[in-house]
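To start, the structure under review is shown below, and the notes come after it.
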């Protein structure tokens with residue numbers, strides 16, 4: 001197992017199911033947490049924040065796959081809040097991979113401006129892609 | 001003079017006769033006959049003595065008279081000569097052609113001007129009135145002769161007229177002719193003397209000016225002449241406007257002459273230019289600008305105004321000429337055009353956004369489909385039919401994926417005007433391409449001949465050239481002629497200015513007569529092959545062109561196809 005806990009944020013249940021299966025089969029992570037949009041993800045991190053000092057057994061997510069186009073709160077908005085409200089101070093080890101179907105080169109450029117974003121991947125996620133992430 | 005001499009001689013004769021008779025009577029009556037001879041002798045002696053004295057006296061008198069008259073003659077002659085000389089000098093100095101018409105005899109004499117000015121040879125010059133009249137332009141001669149004869153009739157002192165006079169070469173010159181009459185003491189006209197002045201140049205200049213004036217009065221552009229001013233920040237005053245100005249602005253000349261040109265200029269509209277305008281006015285430089293002007297009826301119009309400084313003979317700046325053209329229509333069109341452009345730009349932007357969204361929305365479920373099929377591949381399926389169906393799924397999904405990826409590539413190419421280039425080893429690119437096509441190559445077993453010795457490295461975008469060669473190679477492998485061994489020739493050529501890549505096969509070829517104009521078009525398929533998408537060559541062309549290159553095709557059905565890609569050397 002590469003990771004102890006990863007967070008998957010996507011509004012599409014099929015994508016979530018698919019990714020879960022790929023990750024499971026590739027034995028990429030012990031635990032997979034999912035969120036349906038940016039707001040859900042923020043709530044998840046808020047919840048973690050409230051427990052972080054009291055619960056010693058808490059496992060923090062190390063990697064997060066983030067979709068861009070989502071209802072309620074999209075990927076960009078999530079990244080803005082996450083970096084502006086200093087979440088990354090609380091979760092300094094969290095790395096983000098943007099996973100999207102977009103082809104707009106501007107999106108790729110934009111993702112580079114967030115320090116916690118380590119990669120920009122095109123859907124679908126495959127075993128081969130997961131392997132390449134392990135390598136890096 | 002002669003009469004006087006005759007009188008003296010007659011007096012002498014009578015006196016001599018009387019004296020002779022009285023003496024004779026006296027001698028006959030009073031003198032004795034023996035004394036006759038003495039008396040006659042004395043008388044004779046007396047006559048002999050008195051006659052020579054008288055003759056000498058007469059001769060002397062005559063001599064004196066002759067001398068006087070000779071002197072006076074000489075003097076007259078001298079004066080005449082001097083006068084003639086003066087006449088010649090004047091004639092020469094004025095460069096006028098002088099004529100002298102003896103009205104009594106009809107003789108007509110010309111001075112040298114007729115040769116110098118009009119080019120006649122001495123022998124060509126006529127000596128009568130007729131010759132003069134013949135040389136006058138037919139359109140002028142009647143009017144001129146009527147005027148001349150009525151002048152002679154009325155015996156006015158001076159005469160003048162304008163007419164055209166023919167030169168030796170047949171051309172006409174405009175002349176101004178002035179003459180006066182010479183009359184005897186009884187006021188009988190005896191001569192007329194005239195001087196012809198060549199005014200062709202003035203006349204031509206006059207006509208030229210008239211023509212120029214017509215331009216100003218007839219043109220549709222409004223012309224305004226303003227005085228130059230040296231007072232800072234003072235607009236020049238108007239001294240002239242043409243009819244077009246009145247038509248354009250509604251202002252009559254008397255309403256604007258003497259006023260500043262700002263009367264009809266919207267100050268607001270020239271605000272941007274006012275600094276430059278002031279500068280140009282100060283420097284006396286030509287200046288062209290656009291301004292929103294006002295007509296008398298307060299209606300506004302856009303004008304293109306060019307102000308040109310005019311200098312006088314002393315090279316001092318004296319006036320400005322401003323030419324105004326009403327460009328309201330053009331301006332309106334320009335605004336419309338700008339509006340249209342911004343609309344189109346927005347449309348384009350929207351379409352681009354739309355294509356990104358569409359591609360995203362297509363790719364999202366498709367990527368799920370691909371991912372799910374990938375998962376299925378790992379699950380063993382017992383049911384043969386289901387297996388078949390899933391294979392069909394996989395193939396269709398792969399095709400859809402390929403198509404969408406191509407479309408996505410097209411969108412990206414069209415959206416990025418400049419791309420990054422790097423030095424690429426062509427052989428490496430081909431190796432990549434062959435690797436990607438290894439399955440097809442192993443299936444079709446082509447003979448590939450590569451000659452890249454002329455150009456090994458080329459400055460291009462790596463992803464694009466790889467995609468181009470992949471597309472061309474795939475086409476060759478797909479559209480081979482099944483009856484013969486597939487051969488592919490790849491070569492490069494380099495000239496001083498260009499690098500050429502040639503890609504040739506012996507496949508089924510394309511009917512260029514039917515499809516020549518749309519071969520690189522979007523969604524064009526030239527063969528009935530199930531996996532052809534009609535996108536490849538469009539993508540190839542887009543990629544070649546986005547790198548500043550050109551692509552050319554030569555093909556013959558049943559023989560093969562050659563693609564030539566040309567790039568300018570950096």
>> When you scan the range B:446-457, do you find a residue that is away from every other protein chain (no Cβ under 13 Å), modelled with pLDDT of 90 or more and more than 22 Å from residue B:552 (Cβ to Cβ), even just one?
In response: yes
> Does residue B:361 satisfy being within 14 Å of another protein chain (Cβ to nearest Cβ), without any contact (Cβ under 8 Å) to a residue 12 or more places away in the chain and surrounded by 15 or more Cβ atoms within 10 Å (Cβ to Cβ)?
Replying inline: no
>> For the range B:325-358, give me each residue that is in contact (Cβ under 8 Å) with a residue 24 or more places away in the chain and either under 26 Å from residue B:404 (Cβ atoms) or not in a helix (DSSP H, G or I) (or both).
In response: B:325, B:326, B:327, B:352, B:355, B:356
> Residue check: is residue B:379 farther than 30 Å from residue B:224 by Cβ, away from chain A (no Cβ under 14 Å), surrounded by fewer than 16 Cβ atoms within 10 Å (Cβ to Cβ) and more than 57 Å from the chain's Cα centre (by Cα)?
Replying inline: no
>> Taking the condition of being at pLDDT 75 or above and either assigned to a helix (DSSP H, G or I) or touching a helix residue (DSSP H, G or I) at 6+ places or on another chain (Cβ under 7 Å) (or both), how many residues in the range B:237-285 meet it?
In response: 25
> If residue A:61 passes every condition in (1) more than 14 Å from every other protein chain (Cβ to nearest Cβ); (2) in contact with a strand residue (DSSP E or B) (Cβ under 6 Å, 6 or more places away or on another chain); (3) surrounded by fewer than 16 Cβ atoms within 10 Å (Cβ to Cβ) but one, which one does it miss?
Replying inline: (3)
>> Taking the conditions exactly as written (closer than 21 Å to residue A:128 by Cα and more than 14 Å from every other protein chain (Cβ to nearest Cβ)), does residue B:395 satisfy them or not?
In response: yes
> Any residue in the range B:202-209 that is out of contact with any helix residue (DSSP H, G or I) (no Cβ under 6 Å at 6 or more places or on another chain), more than 30 Å from residue B:134 (Cα to Cα), at pLDDT below 90 and part of a helix (DSSP H, G or I)?
Replying inline: yes
> What number of residues in the range B:343-358 are surrounded by fewer than 13 Cβ atoms within 10 Å (Cβ to Cβ) and within 8 Å of chain A (Cβ to nearest Cβ)?
Replying inline: 0
>> Being assigned to a helix (DSSP H, G or I), at the interface with chain B (Cβ under 10 Å from one of its Cβ atoms) and either surrounded by fewer than 16 Cβ atoms within 10 Å (Cβ to Cβ) or at pLDDT below 80 (or both) is the filter here; which residues of the range A:100-115 pass it?
In response: A:105, A:106
>> So for the range A:91-99 (the condition being surrounded by 13 or more Cβ atoms within 10 Å (Cβ to Cβ), touching a residue at least 60 places away in the same chain (Cβ under 8 Å), in a loop (DSSP other than H, G, I, E, B) and within 14 Å of another protein chain (Cβ to nearest Cβ)), does at least one residue qualify?
In response: no
> Out of (1) more than 29 Å from residue A:26 (Cα to Cα); (2) at the interface with another protein chain (Cβ under 8 Å from one of its Cβ atoms); (3) modelled with pLDDT of 85 or more, the odd one out for residue B:431 is which?
Replying inline: (2)
> Quick one: in the range A:125-136, which of the residues that are in contact with a strand residue (DSSP E or B) (Cβ under 8 Å, 6 or more places away or on another chain) and at pLDDT 80 or above is nearest to the other protein chains (Cβ to nearest Cβ)?
Replying inline: A:125
> within 11 Å of another protein chain (Cβ to nearest Cβ), in contact (Cβ under 8 Å) with a residue 12 or more places away in the chain and surrounded by 15 or more Cβ atoms within 10 Å (Cβ to Cβ): does that describe residue B:404?
Replying inline: yes
> Assuming residue B:418 fulfils every condition listed in (1) away from every other protein chain (no Cβ under 14 Å); (2) out of contact with any helix residue (DSSP H, G or I) (no Cβ under 8 Å at 6 or more places or on another chain); (3) at pLDDT below 90 apart from one, which condition is it?
Replying inline: (1)
> Of all residues in the range B:1-49, how many are in contact with a helix residue (DSSP H, G or I) (Cβ under 8 Å, 6 or more places away or on another chain), in a helix (DSSP H, G or I) and within 26 Å of residue B:66 (Cα to Cα)?
Replying inline: 4
> Of the residues that make up the range A:9-29, is at least one away from chain B (no Cβ under 11 Å), at pLDDT 90 or above and outside any loop (DSSP other than H, G, I, E, B)?
Replying inline: yes
>> Conditions first: (1) more than 30 Å from residue A:19 (Cα to Cα); (2) modelled with pLDDT of 85 or more. Residue B:386 passes all but one, so which condition is the exception?
In response: (1)
> Would a scan of the range A:116-124 turn up a residue that is farther than 30 Å from residue B:401 by Cβ and away from chain B (no Cβ under 14 Å)?
Replying inline: yes
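The values are calculated or read from the model by the stated rules, or taken from the named source; none is laboratory data. Keep in mind that this is a model prediction, so the values were computed, not measured. Neighbour counts are summed over all protein chains in view; Cβ atoms, including those assigned to glycine, are modelled from backbone coordinates with ideal geometry.
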